[in-house]
Amino acid sequence: MPTTQTAPQSLAELKKQRKTRTQAIVTSTLKISPLNRLALWITEHVGSMKFFLLIFIWTTIWLSWNMLAPVASRFDPFPAFVLWLFISNMIQLFLMPLIMVGQNLQSTHADARAEADFEVNTQAEREIETILLHLENQNKIIMEILDEIKAKKQ
């Protein structure tokens with residue numbers, strides 16, 4: 001607590017300092033280009049368990065069919081699943097940068113929300129300090145009144 005006390009701010013002064021808050025989410029979303037929106041969409045959908053399970057099930061079916069089905073009905077004979085592994089590696093190589101772009105955008109979004117939260121917390125701290133100063137001032141006045149009452153009784 002500071003040793004020097006200033007006069008508490010009035011409610012009107014506090015209201016003048018208060019800013020209207022815009023939603024950080026809406027503000028940062030409006031500034032995203034179409035390509036970045038695509039990267040975010042890919043990040044949200046490809047980075048999910050549904051997508052992982054879809055790829056896992058597809059790969060399992062693909063490899064199982066081509067290894068266990070009758071030879072005549074196999075659409076990809078034995079050495080061809082190497083092509084599937086190559087394709088899946090290419091998918092990974094293309095998706096990793098896209099996912100990283102999406103994560104960077106999400107990080108920027110989180111930073112904007114954190115900054116808005118910091119502003120709100122700073123304003124709340126100022127208001128709490130003002131309330132405490134008002135309470136201290138009231139306590140001081142009450143103590144003066146009590147001292148006057150005691151002095152009159154004596």
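Only the coordinates and a few stated rules stand behind these numbers; no lab work does. The shown structure was predicted, so the numbers you read here are calculated from the model rather than taken from an experiment. Backbone-built Cβ (ideal geometry, glycine too); neighbour counts: all protein chains shown.
Some notes on this structure:
- Once both labels are positioned 7 Å from their Cα atoms along Cα-to-Cβ, the gap between residue 107 and residue 44 label points is 2.1 nm.
- In terms of overall dimensions, the C-alpha atoms belonging to the range 63-154 reach 115, 26, 13 Å along their principal axes, ordered largest to smallest.
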